[in-house]
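Step one of this worksheet: look at the structure below.
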Amino acid sequence: MTASSKISASKSDPSPHVAAEHDKILIVDFGSQVTQLIARRVREEGVYSEIVPFNKAEAAFAEMKPKAVILSGGPASVLDHDAPSVPLSILTSGVPVLGICYGEQTMAKQLGGTVEAGHHREFGRAAIEITDDCALFDGVWEKGGKYDVWMSHGDRVTKLPEGFRAVAKAPGSPISVIADDVRKFYAMQFHPEVVHTPDGAKLIRNFVRKVAGLTGDWTMRAFREEAIEKIRAQVGTGKVICGLSGGVDSAVAAVLIHEAIGDQLTCVFVDHGMLRKDEGKTVVDLFRHHYNIPLVHVEAEALFLGKLEGVTDPEKKRKIIGSLFIDVFDAEAKKIAALGKGSADFLAQGTLYPDVIESVSFTGGPSVTIKSHHNVGGLPDFMKMKLVEPLRELFKDEVRVLGRELGLPEIFVGRHPFPGPGLAIRCPGEITAEKLDILRNADAVYIDQIRKAGLYDKIWQAFAVLLPVKTVGVMGDGRTYEFVVGLRAVTSTDGMTADFYPYDMKFLGETATRIINEVKGVNRVVYDVTSKPPGTIEWE
């Protein structure tokens, strides 16, 4: 299952808490849209990180016992009377701290410095000049050099706290990077976690490796072994049903759980009639024949399309589909019990860490609206099952690594993201079986073209959309009045932001010709060249 139909075991506590023996970094979230990227950069160094909202940071710090802390950016102003702050217990704990954007400002203000409303706001690309050496810059930036960074701020630090020195400046923020080498406190006005700061990952690496002194002991092999033990401890002799969507997340979760508990697991694959072409056969073949995992294939197209009849709002489509998934799983669990195989005690799903943290309104800031498409709630009371979510600690790219570690074929591990509502949200307006068939066939031709051109692995996500308009056209000697198909392909390094893939016109021309010739019901093809800011990769 994907984020749209996932449910979270604990909406109030986004932290999964890995084994205590690993080095860990706590990330205090002040509401930035890109806080997840900080965690990803830290994990790229083999160090486990967790994100917690600022108002739960003190408790999380005491429980987690991290070796270092990073303070994220955020939309608030430290000058507001109710501005979010860092728990003093963190600042007096003796662990290294890195502040980013708002994190720099609140650190400076709380430690005795001064922050003022900026006379010159900076949003976007900027150049900073390095005025002094510090541990963050070691081997990356040199004194006197100028480097590109990504700014996003209105306020700025104007007076340093005691013990700090300024080590970089920019036109809109004369104190852009500050350092207290004794306490190992560092902070910067720009965002090193985003790709628009070219050397940002190296700066975070220096904080993790050289400032905090962590070597990186969090490997996917270690995660696999620990996850298997956790699953066995949680499930015991109980029965588990796993909701399969055919996507990467649920497939990896199913194989991992099967490795842990064997035939105590039964997978339920719900064919809701909005899958890509031949998707059902691919999933059934893999799990029944390749892995020999018990699988129930539920043909539920009539049920889903019946409930979606007349519905045009994409958010309502998501909620209807998510609710129906739960109903189907509950019905299948009862059928399994009726066959004398024992009642299902657990429902397993491929919830990822972004799904968990995005389901929590951390600060009430703009990220709440941006992430509202994640239909994450709790299991309804009528379901007497507990959740098994072995991937709750992982990001999407980490799930792919785990999938390869488990031996899943590349057709599953490397596939483009495909949301749980499937073609429902790629068919704007009312959904009908006829429109789904047109879209399914057009999408199949498009993906086939991408694969034949050797572009599939260069693109993060590609799909076709059946636009809710018809146009008049001439095909041969006849006039047509048929649908328009939109094509989308994006590149992304982190799944948070995306840019359109720059196809050449020859490819687009050939693809459009194939779709129009091979898919009855389509007489025009367009390509979307819109770049997408954080949180809006899907087209719906």
Efficiency by 1/(1 + (r/R0)^6): what FRET value for residue 470 and residue 196, r their Cβ-Cβ distance, R0 = 56 Å, to the nearest 0.05? 0.90
Accessible carbon and sulfur surface of the chain relative to its total accessible area, %, 1.4 Å: 51 percent
So what is Rg over Rh here for the chain, counting just Cα atoms and using Kirkwood for Rh? 1.00
Computed, not fitted: 222 nm per-residue ellipticity of the chain from DSSP H runs ≥ 4 (each -39500 (n - 2.57)), nearest 500, equal to -9000 deg cm²/dmol
Pairs beyond 30 Å (Cα-Cα), from 67/239; 56/239; 319/396: 67/239; 56/239
State in Å² the accessible area per residue of the chain; use a 1.4 Å probe, count heavy atoms of protein chains only, and round to the nearest integer. 40 Å²
One point scatterer per Cα, no solvent, Debye formula: log10 I(q)/I(0) for segment 104-219 at q = 0.12, 0.19, 0.20 Å⁻¹ comes out as -0.40, -1.00, -1.10
Counting only the heavy atoms of the protein chains, how much of residue 397 is accessible to a 1.4 Å probe, in Å² to the nearest 10? 60 Å²
Between residue 58 and residue 384, with labels modelled 7 Å along Cα→Cβ, what's the label distance in nm to one decimal, could you check? 4.2 nm
Which entries of 335/386; 65/169; 24/109; 307/384; 317/384; 307/470 show an alpha-carbon separation above 28 angstrom in the structure shown? 65/169
Calculated FRET value between residue 453 and residue 526, using beta carbons and R₀ = 25 Å, to 0.05: 0.85
With all protein chains present, calculate the accessible area of residue 258 using a 1.4 Å probe and round the result to the nearest 10 Å². 40 Å²
Which aspartates and glutamates have a Cα less than 20 Å from the Cα of residue 159, not counting those fewer than 8 places away in the same chain? 80, 104, 116, 122, 129, 132, 133, 180, 181
Sorting 321, 28, 126 by the position of each Cα along the dipole of the chain (Lys, Arg +1; Asp, Glu -1; all at Cβ), the one nearest the positive end of that ordering is 321
Any chance you could look up the accessible area of residue 221 with a 1.4 Å probe, heavy atoms only, rounded to 10 Å²? 150 Å²
If one takes the longest principal axis of the Cα atoms in the chain, at what angle in degrees, from 0 to 90 and to the nearest 10, does the Cα axis of helix 314-338 lie? 70 degrees
Evaluate the charge dipole of the chain about its Cα centre and quote only its size in Debye, nearest 20, assuming +1 on the Cβ of each Lys and Arg and -1 on the Cβ of each Asp and Glu. 340 debye
If we sort 230-236, 207-213, 247-253 on the protection proxy, mean other Cβ atoms within 10 Å, highest first, what's the order? 247-253, 207-213, 230-236
Go through 51, 460, 260 and say which Cα lies farthest out towards the positive end of the charge dipole of the chain; charges sit on Cβ, +1 for Lys and Arg, -1 for Asp and Glu. 460
Förster-model FRET efficiency, 25 Å R0, residue 259 and residue 219, C-beta, rounded to 0.05: 0.90
Stretch gain in nm, segment residue 228-residue 93, where the contour uses 0.36 nm per residue and the Cα spacing is subtracted: 45.2 nm
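The values are calculated or read from the model by the stated rules, or taken from the named source; none is laboratory data. Because the structure is predicted, anything quoted here is derived from the model rather than measured. Heads up, the Cβs are rebuilt from the backbone with ideal geometry, glycines too, and the neighbour counts pull from every protein chain shown. Heavy atoms of the whole protein, side chains included, go into the accessibility calculation; ligands, DNA and RNA do not. Shrake-Rupley method; radii C 1.70, N 1.55, O 1.52, S 1.80 Å.
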